[in-house]
Structures are given as C-alpha cells and as structure tokens.
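Quick notes on the structure that follows.
The values are calculated or read from the model by the stated rules, or taken from the named source; none is laboratory data. Only a predicted model underlies this, so the values are computations on that prediction, with no experimental measurement involved. All Cβ positions, even for glycine, are placed from backbone atoms using ideal geometry, and neighbour counts span all protein chains on display. The area values use the complete protein model at the heavy-atom level, side chains included, leaving out ligands, DNA and RNA. Shrake-Rupley method; radii C 1.70, N 1.55, O 1.52, S 1.80 Å.
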Amino acid sequence: METPQTETSEEALNAGFEARIAAGETIEPKDWMPERYRTQLIRMMSQHAHSEIVGMLPEGNWITRAPSLKRKMVLLAKVQDEAGHGLYIYCGTETLGIDRAELVDQLLTGKAKYSSIFNYPTLTWADIGVIGWFVDGAAIVNQTVLAKASYGPYARAMIRICKEENFHKKQGYEIVATLANGTPEQKAMVQDAVNRWWWPSVMMLGPSDSNSPNTAELIRWRVKRKTNDELRQRFIDLTVPQADAVGLTLPDPDLKYNTEKQGYDFGQVDWDEFWQVVKGNGPCNRERLQARRDAHENGRWVREAAEAYSAKHSRREQSTAA
Amino acid sequence: MESNESQWPLWEVFTQEDGGAPHEHAGSVHAPDAEIALQNARDVYGRRGRVVSVWVVPSNEITASQSEWAGPFFDPGADKAYRHPQFYKIPRGLKGF
C-alpha cells in the first residue's frame, strides 16, 4: 500500500509527541517516541518484570513448609501469579524493541536491577503473611497509579495485574490476622515479622523525591502519575489502621496522625540501608541471583525438549504434506 | 549466556471470556510451535477460569495499520454523519420509534 511519506524534523516529531502526552493520549508501540522515552520505559518496565520474577523466591521458600494444604495451594497460586505478572510485563517491554532473551540476560548477569525488597530473607511462616500484606499492598498502591501510565502496553499489563493482586494482599492479611489472634508465640512471631518487614516495605516505593533523578521526567511524560513520596504516604496511611485492627505495632515511634495533612507523619527512613541493598549488598542479593541462574540452567533441558518436539512435528507434517 | 539458545518466535494471544464476549488481545508469549504457544497462553492469560477460548497468531503474520497514517487512513469514517441515526429527523412526539 502507498503510504503518505512526509519528511518531519525530529523537533516537530518531539513537539507532536509532547502535545499528545499533554492531551492525555496513550502512546502505542508503533507511534513515534523520543529515544529517551523508550529507554526510560525499557529500564522501568524490565526492572518491574524482574521484580515479579525474583519476587517468587522469598515466598517459594515456604511452599513446602506451609502449615496446611489450603495455605500451600494458596501460596502456590500466588507464586504462579507472580510468574504470570513477570511475563505480562516482559511482553509489554518487548513491544519497545528489545527481545526477551536480552532482558533475561540482563537479569542473570546482574546488569539489571529489581526491587530491593526481595533481597530480604523469609525467616518464618509469618513472613509470608506480612509479605502479602505489606509488599503486595505497596505494589498495589504503585500499580494502581501505573495503570494510567501513558504507554499503552504498560498500562494494560498493570490493569491485568491489579485485578489479580488483591487476592495476594488479602491472603497475606488473613495469615497475619490468624497469627495475631493465635497463641502468644504466634502473635510474637507475626509481630517480629512486622518489625523486620516494615521499613524495607516503606523503602520499596523508591528513593525520596529529592533523591530520585528520574521522577520529574517520568511524571512529565505521564509514565508515573505520583511521586515516590506520595505513593509512600498513601501506603502508610492505608496500612496503619490495618495494623491497629489486628493489634500489631508498626516499628516506628514517630508514626502519628497529622490532622492538618490528613495523613500520618513517620520517622526517618534509613536510606543508607536502601542504597546498600540496591547496590547488591543486601542480605540475599547473591543468593537470589544464583537461584535465578540455577533455574535458568536447570530449565535448559525442558526448552531443548520442547524445541526437539516441535522440530519433529514440523518434519512429520512436511512429510505427510509431500 | 544465551548464545547457544535461539529466541523462540513470538505469538500474539487473543482470549475470549465467557458470556459471548469477542476475542480480545491479551498479550504475547514465546513458543517453538503453535501447540506449545496455546499451552503457554493458557497458563499465562487464562489462570482465572473466565477464559473459554484462546487464539495464538505468529506476531510476524499480523498486518497492521501504521500510526503515522491513522488520520488519512480512517478519514472516510469521520465525515459521513449520515451513517449515524442522529442524522435523521422523525416527527416530533413520536414515541418508541
């Protein structure tokens, strides 16, 4: 088909793109976009996809030790969902012109980052409850906003994920509430998990706005619609009453409702710890990457078998056709 | 790390939910053949039980309109108001036309 070809300057294309963003339009894979928009999205979306994949590891640690068959089935389903969520986002990232093998390679070689939160260990069963409540809770706060992102494939993946993620948070909170109403030992166990996971969860919403070099640009492009600090505030405001409802204490003596700002004031976040974990020095960084590499290597024979199977079938089809 | 492994072809996935909805684009999967693509599509996009049918199509078999010519290409649909029922007048006071 004849396509109307018009020479358009980079400047004009850029202006058109910015106007579309300002008008709240959705950008689709084949649309013209500035190279920087593309690379920023690849970075952000692939980090998000890797986080879903690595996020399976801390929880997978408890599948064989879940305290009942029901809890085991639920945890299996949740971890499988995380794999699915990783795949939704990988497929969205690929629409930007990078292929899957390259993305996986970036994760396995340690070149790509993933959420700092998954570098903490899951020491007790209560951790599984608290992860669903805090970590999935924080993820929902973040993803609900990303569902309105300007890049269509990202927004659509987020909508799909948000629909499924509420089960994750609720099953976690149910575990927490059950333990909080259990024996003194169970209550102590869940309080300990809350104490260990609270601050890493507060941090997982990302560096403070004053220290987040990408935020302004991503907000202008409507990839992000809220800053990290706004998301953090929302997560804290939602979570404090949920802790009160099950009689658990969040480990922050400065946590106090501020009627003026209609939200909670909270204490200093230990950003040194956050950056240490991001740079690879968290408690489980090496273990997580090794587990991913092993999974990739140990899955090789499955991929080879699938390839051999499809090669055999296509040969058979060719010979019957001939 | 992936040097001795080939990237499996990409397949676009369309799912239909129960209740007579049309097939809708859900996302994509990588698979070496159509049969495995269908199974992967089921596992990735049909975990919640609402899906009753899945199509997989090799991504490179899809011909799509180009966004740059979206204006002229769809133009013929924009200026024919007489394709809409609001274009026509019926006598005032007539109910339940």
Is there a quick way to get the dipole size of segment A:220-279? I mean about its Cα centre, with the Cβ of Lys and Arg at +1 and of Asp and Glu at -1; what is the value in debye to the nearest 20?
620 debye
Using a Gaussian network model of chain A with C-alpha springs under 10 Å, which one of A:E164, A:E217, A:E35 is most mobile by mean-square fluctuation?
A:E35
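Based on DSSP H runs of at least 4 residues, each adding -39500 (n - 2.57), what is the mean residue ellipticity at 222 nm of the protein assembly as shown after dividing by all its residues, to the nearest 500 deg cm²/dmol?
Working: 16 runs with 222 residues, N = 419.
Calculated at 222 nm, the ellipticity per residue is -17000 deg cm²/dmol.
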Quick one: give the max-minus-min coordinate of the C-alpha atoms of segment A:89-193 along each principal axis, largest first, in Å.
54, 31, 15
Rounded to whole angstrom, the alpha-carbon centroid of segment A:253-315 lies from that of segment A:219-249 at a distance of 20 Å
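Ignore the peptide's own chain and count Cβ atoms of other chains within 10 Å of each Cβ in A:100-111; give me the average, rounded.
Values: counts 7, 8, 2, 0, 4, 3, 1, 0, 2, 1, 0, 0.
Mean shielding count: 2.
Determine the sum of side-chain charges near A:L41: Lys and Arg each +1, Asp and Glu each -1, restricted to other residues whose C-beta is under 13 angstrom from that of A:L41. Mind showing how you got there, number by number?
On the way: positive: A:R36, A:R38, A:R43, A:R222, A:K224; negative: A:E28, A:D31, A:E35, A:E94, A:E217.
Net of charged neighbours comes to 0.
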May I ask you to compute the full-extension gain from A:R36 to A:T183, defined as 0.36 nm times their residue separation minus their alpha-carbon distance, rounded to one decimal in nm?
47.4 nm
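If you build the convex hull over the alpha carbons only and average its shadow over all orientations, what do you get for segment A:173-217? Give it in nm² to one decimal.
Values: hull surface 16.3 nm².
Its average projected convex-hull area is 4.1 nm².
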Using only Cα positions of segment A:115-271, each an equal point scatterer, no hydration layer, compute I(q)/I(0) via Debye at q = 0.13, 0.15, 0.19 Å⁻¹ and quote the log10 values to two decimals.
-0.63, -0.83, -1.25
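Hey, what D do you get for segment A:1-124 in µm²/s if you plug the Kirkwood alpha-carbon radius into Stokes-Einstein at 25 °C and 0.890 mPa s?
Working: Rh = 17.3 Å.
Once the numbers are plugged in, D ends up at 142 µm²/s.
Which value, in nm² and rounded to one decimal, describes the direction-averaged projected area of the C-alpha convex hull of segment B:17-67? Don't skip to the end; give the middle numbers.
Details: hull surface 17.6 nm².
Over all viewing directions, segment B:17-67 projects a mean Cα-hull area of 4.4 nm².
Which of the chymotrypsin sites (Phe, Trp or Tyr not before Pro) found in segment A:156-258 are loop residues per DSSP with 14 or fewer other Cβ atoms within 10 Å of their Cβ? Mind showing how you got there, number by number?
On the way: sites: A:F167, A:Y173, A:W197, A:W198, A:W221, A:F235, A:Y257; in loops: A:W221.
Passing both the DSSP loop test and the Cβ count: no residue.
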So which trypsin sites (Lys or Arg not before Pro) in segment A:91-121 end up in coil per DSSP with only 13 or fewer other C-beta atoms within 10 Å?
A:K111
Grab every C-alpha pair in segment A:263-307, bin the distances at 10 angstrom width from 0 up to the longest one, and report whole percents.
22, 26, 22, 17, 9, 4
For chain A, what relative contact order do you get, as a whole percent, if you take Cα pairs closer than 8 Å and at least 6 residues apart?
18 percent
What shape does chain B take by its C-alpha gyration tensor, where a ≥ b ≥ c are the square roots of the eigenvalues and a/c under 1.5 counts as rounded, a/b above b/c as prolate, and the rest as oblate?
oblate
Given backbone amide H placed at 1.01 Å from N, residues whose amide H is under 5 Å from that of A:Y151, ignoring those fewer than 5 places away on the same chain, are A:I27
Residue (of A:L289, A:I128, A:V278) at the positive-pole extreme of the protein assembly as shown, dipole from beta-carbon charges:
A:I128
If each of A:L123 and B:F97 carries a label point 7 Å out from its Cα toward its Cβ, how far apart are those two points in nm?
7.5 nm
Could you give each residue of segment A:203-209 its phi-based ³J(HN,Hα) in whole Hz, using Karplus coefficients 6.51, -1.76, 1.60 with θ = phi - 60°, and x for Gly or Pro?
6, 5, 6, x, x, 4, 3
Relative contact order for segment A:58-183: what percent, with Cα pairs under 8 Å and sequence separation of 6 or more?
29 percent
Per the Kirkwood treatment, what hydrodynamic radius in Å, one decimal, follows for segment A:21-92 from the mean inverse distance over all distinct Cα pairs?
14.4 Å
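Once a ≥ b ≥ c are taken as the square roots of the eigenvalues of the Cα gyration tensor of segment A:4-47, is the result rounded (a/c under 1.5), prolate (a/b larger than b/c) or oblate (a/b not larger than b/c)?
Cα axes put segment A:4-47 in the prolate bin.
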Might you report the magnitude of the Cβ-based charge dipole of segment A:248-322 about its Cα centre, with Lys and Arg at +1 and Asp and Glu at -1, to the nearest 20 debye?
780 debye
Cα principal axis extents for segment A:191-275, largest first, Å:
42, 30, 18
Size of charge dipole - the protein assembly as shown - debye, nearest 20, with Cβ of Lys, Arg +1 and Asp, Glu -1, no other charges
1200 debye
Given H placed 1.01 Å from N in the peptide plane, which residues other than close sequence neighbours of B:G27 have an amide H under 5 Å from its amide H?
B:V13
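Which percent of the accessible area of segment A:1-147 is formed by carbon and sulfur heavy atoms (probe 1.4 angstrom)?
On the way: 3520 of 6110 Å².
Taking all protein chains in place, segment A:1-147 shows 58 percent carbon and sulfur surface.
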Using just the C-alpha positions of chain A as equal point scatterers, what log10 of I(q)/I(0) does the Debye formula give at each q in 0.09 1/Å?
-0.54
A correct Kirkwood calculation over the Cα atoms of segment A:210-322 returns a hydrodynamic radius in Å of 19.8 Å
To make sure I understand the rule: partners must be lysines, Cα under 26 Å from the Cα of A:K256, and not fewer than 8 residues away in the same chain. Which ones qualify?
A:K169, A:K170, A:K187, A:K226
In segment B:29-97, if the dipole is taken from +1 on Lys/Arg beta carbons and -1 on Asp/Glu beta carbons about the Cα centre, which of B:H84, B:Q66, B:V44 is farthest to the positive end?
B:H84
Note, ³J(HN,Hα) from phi for segment B:71-81, Karplus 6.51, -1.76, 1.60, rounded to Hz, x at Gly and Pro:
x, x, 5, 9, 3, x, x, 8, 10, 10, 4
